[in-house]
């Protein structure tokens with residue numbers, strides 16, 4: 001599969017989301033004591049829904065093309081809004097933003113594997129080498145830099161959650177690149193396309209939040225700090241980042257877009273140091289070099 005050459009516009013579109021996602025991870029860690037993960041995810045997307053409604057309300061009307069292709073949007077929203085984001089906030093309850101975003105850098109490896117298994121993508125030897133380097137970088141994080149303890153590594157729940165989240169995001173990205181059943185009029189309008197996902201994503205998010213509260217795990221402490229945080233993660237990492245990422249994937253494809261996801265740990269380390277006082281360790285730098293090096297190798301053309 002070939003994709004257009006990376007342009008400055010596409011590079012800008014794909015660089016902004018990692019900055020916002022890093023901010024999302026830091027904010028999610030900061031407000032974790034005030035709100036439980038599934039409730040946070042639901043509130044975030046409720047606000048995003050309200051923000052987008054004035055731009056794309058007609059897509060929700062009876063007779064809209066959305067309802068004819070609702071299965072497609074239900075799948076997209078489960079993988080991204082309902083699945084990926086909920087797992088991310090769960091991860092931040094037991095792991096740091098730096099660790100979460102670094103482990104999440106395995107996403108491009110999932111991109112290759114899912115593209116190969118489900119979408120007929122051919123993987124070259126160079127790409128396998130890049131995948132091996134990226135996986136080794138993730139193992140450095142999981143072992144906390146103590147490679148001799150790798151066989152005895154104790155995985156915190158957050159590390160496992162983000163591995164699952166990364167797989168969901170990779171499949172979501174491939175679905176974006178193969179819009180076989182999406183109504184053209186919705187796909188052409190970014191706000192309608194995103195609102196269609198959010199509308200069905202609220203169903204998944206609501207189910208997960210309801211289960212959280214029914215199991216006695218829900219918590220919510222209101223206040224202006226939480227309200228401000230919710231507004232940021234809804235407007236920035238949700239609406240703006242999703243818009244830019246979808247546009248970037250449309251321009252260069254999921255494999256190249258996956259490289260830019262790996263910028264998230266760098267921005268997360270900077271933001272964590274500034275706002276959480278979490279100084280990055282040497283093994284974080286080593287892991288980042290391995291992960292980015294692996295993706296650079298796998299992205300090279302003959």
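Give me the one-decimal Kirkwood hydrodynamic radius in Å for the chain, with the sum taken over alpha-carbon pairs.
Working: mean 1/r = 0.0512 Å⁻¹.
Result for the chain, one decimal place: 19.5 Å.
In this label model, residue 128 and residue 50 are separated by 5.3 nm, measuring between points 7 Å along each Cα→Cβ vector. Relative to the globular-protein estimate of 2.2 N^0.38 Å, the Cα radius of gyration of region 38-110 stands at 1.38. When the alpha carbon gyration tensor of region 218-299 is reduced to an equivalent ellipsoid, the three semi-axes, largest first, read 28, 22, 9 Å. For the options 252, 156, 203, a Gaussian network treatment of the chain with springs between C-alpha atoms closer than 10 Å singles out 156 as fluctuating the most.
Over region 174-257, what portion of Cα pair distances is larger than 17 Å, expressed as a whole percent? Tail of P(r) above 17 Å: 62 percent of Cα pairs.
Please give the length that would be gained between residue 118 and residue 213 if that part of the chain were fully extended, namely 0.36 nm times their separation in residues minus their C-alpha to C-alpha distance (nm, one decimal). Provide the component values of the computation, followed by the final result.
On the way: separation 95, 0.36 × 95 = 34.20 nm, distance 3.58 nm.
Full extension of this stretch gives 30.6 nm more.
Counted by neighbouring Cβ atoms within 10 Å, the residues 124, 64, 36, 255 run from fewest to most as 124, 64, 36, 255.
Against the empirical 2.2 N^0.38 Å scaling, what ratio does the C-alpha Rg of region 1-136 come to?
On the way: Rg = 18.1 Å, N = 136, 2.2 N^0.38 = 14.2 Å.
So region 1-136 has a normalised radius of gyration of 1.27.
As a test of the formula, what do you get for the chain when each DSSP H run with n ≥ 4 contributes -39,500 (n - 2.57) and the sum is divided by the residue count, at 222 nm and rounded to the nearest 500 deg cm²/dmol? Numbers along the way, then the final one.
Values: 16 runs with 211 residues, N = 302.
Result for the chain: -22000 deg cm²/dmol, rounded to the nearest 500.
Over every pair of different alpha-carbon atoms in region 14-79, take the mean of 1/r and invert it; report that Kirkwood radius in Å. Taking every pair of different Cα atoms in region 14-79, averaging 1/r and inverting gives 14.4 Å.
Between 13, 160, 220, the residue with the greatest mean-square fluctuation in the GNM of the chain (Cα pairs under 10 Å linked by springs) is 220.
Springs between Cα atoms under 10 Å define the GNM used for the chain, and in it the highest mean-square fluctuation of 110, 45, 70 occurs at 70.
Values in this text are rule-based calculations from the coordinates and carry no lab data. Every value quoted in this text rests on a predicted model; they were computed, and no experiment measured them. Heads up, the Cβs are rebuilt from the backbone with ideal geometry, glycines too, and the neighbour counts pull from every protein chain shown.
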